[in-house]
Each structure stands twice: as C-alpha cells, then as structure tokens.
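Only the coordinates and a few stated rules stand behind these numbers; no lab work does. Quantities reported herein were computed from a predicted structural model and do not represent experimental measurements. Cβ placement follows ideal geometry from the backbone for every residue including glycine, while neighbour counts extend to all protein chains displayed.
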Amino acid sequence: MPDTIDRICYCKPDISSLRADGYHPVDMHLHTTHSDGRATISDLKRYAEKEKIGIAITDHNEISGSRKALSTRSDILIIPGIELETREGPHLLLYFYTAGDMEDFFHDLTVERNRQTPGLLQNLPVQECLNLASDYDCLRIAAHPYGYYGINRGVLKCVEKEMLPGVLDHIDGIEVICGGMMYGLNEKAILYAEAHDIPYTGGSDAHILSDVGNVVSAVAGDTVEEFLDGIIRRENLVIGSSGGYMAKGATAGVIAWSFVPYTIEQAGAHYRYQKRRTRDLVSSCRTKLSSYCSIKKRRV
C-alpha cells in the first residue's frame, strides 16, 4: 500500500479519472437547510448525481437531512452521518454503516442531552459523545482537527492545549483536508496523518451548493460498508483544497444568517428553562414558608 503522503493530494479532484481508476469519490462533509447550509436535500442529490460523486450529509447536531436523503431511491452512494458540536468546542464527524444505527445513536444522544439539561439540549462533552458512539458501528472522525484560528473547533488543537487528556484513544481518525479551512491548518492535519498510523478523511464542509465536491475521499468500493472499511484500512485517497476567499465569504454569510433563527430559538429555550426554574424555586420557597408559618402558629 502506498504511503499516506502519496494518498493525500492538495489539488482539485478529477472525478472522471478517479472513477476510471475504480474509485468511488464521496464528499464526506456537507451541510443542508436542515442545519446551517443553503442546499436542500433534493438539490444536493441532483447536484451530486450530475457530478457523479457520493455524499455524506453531516448537519450540525441533526440527522433529519441525512435520513430524508436516505429515504428515497438514489443512484449515488449516501453515507449516514452527523457533525456533533461539543461542550469544549471541537466538532466530531460520525459516519454510520446503517441508517438504523444513526437513528438509534441520535435517540441516545437526545435522551442524554435532555437528561443533563431538560428542555435546553446543550452540547455534551467530547468524551461523552465518543462514548455514546462507541456502542455503534461507526467512524468517529475529528473534523477540521486544528480548528479555526482563535476558536477551539478542532480536537488536535485542544489536545495541544492539554484540554482533552486521553481523548485520542477514542478517535478513529482525522479530517486531513477540510474545504472550509485555510491551507496552513489543512497542512498541519496532513502532516499529523503522515506521522501517525490513523485513518483520514476529507470533505468540502460545503454550506452552499457550488462548494460541493471541492474535496472528496475516494475508495475502491460501491457500498457504505466497503467505503468505510476502506477508510479504516487507510486504502482511501483524499483529494481537494480550500475554497477561495469569495466562497469562504459566502459560506460565512450563510452560516451567520442561518444562526439568526437558531439563536432566537435557543434564546426562547433558555427563557422557558429559566422561567420553569424560577417558578419551581418560588413554589419551593412558598411551600417552605407555609410550613414555617404553620410551625410558628402551633408554637404560639
């Protein structure tokens, strides 16, 4: 098998050549209108079919888009997936062998989030997310592992800061080329993969349709099982590069705008949560005060 350095190429993917050589190219990091992207599921599937690539829909903390894409017949390979935001900051990409496992995991995740913060659904710590996923057949990949400058959005960035001791024992691999990252941060991830015996993936992190397919992972396999197994065995290629400044600007605008309704919704959730806590606290105080007054009256 060629060295890792020979299997990662920072260049524009040639989809036709990849397919002619027996590889199945898949963009493994995509966002849709089900989280903070602008592409609908139907538009994304049509675009992928035209470009002859597979897709993994990895919406933030949400599987409804992936589930919808998988629910209808398609000629493209669709890998069940999700991108988790965590309490410490890093993002995790999870790829499942079956839609059923993805749905069961998401149910467990939702139950645990609701148990810890009822009605608020705050993000779980990195380790808890990884532990929950360990009960399922899936790949746990560190998304854009060196994160964004000034923001702890990557696992390896947090490891460098000694924020996540032992977490690398529970990570299956890293994303070596993320279309949303600058060249220098992708290069650090590539160098890390070359120095360590770990699986690696790549994806565009597209939030707009024109970025889809800018980065692909390619495996000589036609099914989800063959594809993910090829990544585990490090038999895959990763080909692509960062998006241009205009594309990054457009993506940033899309992300910022999409968070407006999300922020309003979260603000409402926080308000309802605090209102319920206040109501419970007042009720508890009234009960204690009433009990205290009853005791005082009996003593008199």
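Worth a mention:
- Kirkwood hydrodynamic radius (C-alpha pairs) into Stokes-Einstein, the range 40-83, 4 °C and 1.567 mPa s, D in µm²/s: 125 µm²/s
- Around GLU49: net Lys/Arg minus Asp/Glu count, Cβ-Cβ under 12 Å: +2
- Cα-based shape type of the range 4-253, given that a ≥ b ≥ c are square roots of the gyration tensor eigenvalues and the cut on a/c is 1.5: rounded
- Taking amide H as placed 1.01 Å from N in the peptide plane, the amide H of TYR148 sits under 5 Å from that of ARG153, GLY154, each at least 5 places away or on another chain.
- Lysine pairs in the range 4-253 with Cα atoms under 29 Å, if 8 or more residues apart or on separate chains: 18
- Surrounding net charge for GLN127, when Lys and Arg each add one and Asp and Glu each subtract one, Cβ distance under 12 Å: -1
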